[in-house]
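Computed from the coordinates by the stated procedures, all read-outs in this text should not be read as laboratory data. Model, not experiment: these values are computed from the prediction. FYI the Cβ positions are ideal-geometry reconstructions off the backbone, even for glycines, and counts take in every protein chain you see.
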Amino acid sequence: MVPVLSNRLKACCQFVRPGDRVADVGCDHGYLGIYLLLSGVARSVIAADVNTGPLDSARRNGEKYAVADRMTFCLSDGVSSLPRDFDCLVCAGMGADSMISILSAAPWLQDSRYHFILQCQSKTPALRRYLTDQGYSIRRETLARDGKFFYPVMDIVYAPGTVLSEAECYLSPGLLDSGSDLLIPYASRILDGLRKTAAGLSSVGGPVYEDKLRLIAELESMVNLPQGRKEEDCT
Ligand SMILES: C[S@@+](CC[C@H](N)C(=O)[O-])C[C@H]1O[C@@H](n2cnc3c(N)ncnc32)[C@H](O)[C@@H]1O
């Protein structure tokens, strides 16, 4: 018996390499790590959470699925109390601000021996900007959809040198190359949001408005969407 994962968490699992020692930071229920162990992908799992309630739930679930002996349960704010002997750090279901503060507190993560699977719930462009500014490079990216929500999932390594334009922080080269069927509906949703913001600025005009229009035009050209196409047309 394997726990049923959301499409979002399944997409995170796709980027785990066979044999990885996985650290799941913000593990909550622990299902991602349990799934990776039961499916034979992960060698071991550190399930970490800043709160005792979720960590206890992960421990109970690890026992229920008979994989607790291959899991380490770690009460930790970000990676502060984490053992460092892992290969892959997964951080899913948190906002960009939390992820940025977790990564910023641990410069030792800036090491090419690790790879990072990040699924951020909000302000993903700001996370992409932060990552590339800090020398992390987005190796691959994909999209998942659960109900009406889209979730970009990134596989990151520390490899300084990548620079992303503002538009690429919204639609990264990794996403454009992902081959995901969700790319067009996701891009359309992003564009709808930006068009609404631009419409709100149109009466004032000025450089912020002009920048927004430029960003919209660049994103439209990146995914070959005709101007004004609505998200509903693409789903
Ligand atoms: C919304 S849940 C996501 C759970 C799971 N990763 C998922 O994607 O389904 C966020 C979890 O992250 C934990 N969390 C929040 N901030 C954290 C931090 N700084 N360090 C570790 N865990 C954190 C919360 O306690 C919570 O269990």
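Couple of notes before you dig in:
- Taking other C-beta atoms within 10 angstrom as a stand-in for reagent exposure, Met1, Met71 fall in the order Met1, Met71, fewest first.
- Among Tyr209, Tyr158, Tyr170: highest mean-square fluctuation, GNM of the chain, C-alpha pairs under 10 Å: Tyr209
- Mean ellipticity per residue at 222 nm, deg cm²/dmol - from DSSP H runs of n ≥ 4 across the chain, formula -39500 (n - 2.57): -11500 deg cm²/dmol
- Calculated from backbone phi, Karplus (6.51, -1.76, 1.60) coupling profile of the range 142-151 in Hz, x at Gly/Pro: 9, 10, 10, 9, 10, x, 8, 9, 9, 9
- Within the straight-line cut-off of under 30 Å between alpha carbons, the lysines reachable from Lys148 are Lys10, Lys123, Lys196, Lys212, Lys230, sequence neighbours fewer than 8 places apart in one chain being disregarded.
- As a proxy for reagent exposure, Ser122, Ser98 were ordered by neighbouring Cβ count within 10 angstrom, fewest first; the result is Ser122, Ser98.
- 0 to 90° range, to nearest 10: angle between helix 206-222 axis and the chain longest Cα axis: 70 degrees
- ³J(HN,Hα) computed for each position of the range 155-171 - Karplus, 6.51 cos²θ - 1.76 cosθ + 1.60, integer Hz, glycine/proline x: 10, 10, 9, 7, 7, x, x, 6, 10, 10, 6, 4, 5, 5, 6, 8, 10
- Acute angle (nearest 10 degrees) that the helix 183-201 long axis makes with the longest principal axis of the chain, alpha-carbon atoms: 50 degrees
- The amide H of Ile46, built 1.01 Å from its N in the peptide plane, has Val22, Ala23, Asp24, Thr72 as neighbours under 5 Å, considering only residues 5 or more places off or on other chains.
- Gaussian network model of the chain, springs between alpha carbon atoms under 10 Å - residue of Val90, Val25, Val41 with greatest fluctuation: Val41
- Extended-chain gain in nm, criterion 0.36 nm per residue less alpha-carbon gap, Gln121 and Arg59: 19.9 nm
- Cα centroid separation - the range 109-144 against the range 1-58, whole Å: 18 Å
- When Thr162, Thr124 are sorted by how many other C-beta atoms sit within 10 angstrom of their C-beta, beginning with the fewest, the order is Thr162, Thr124.
- The string of couplings for the range 54-61 from the Karplus curve (6.51, -1.76, 1.60, θ = phi - 60°) is x, 5, 4, 5, 4, 5, 4, 5 Hz, one whole number per residue in order, with x for Gly and Pro.
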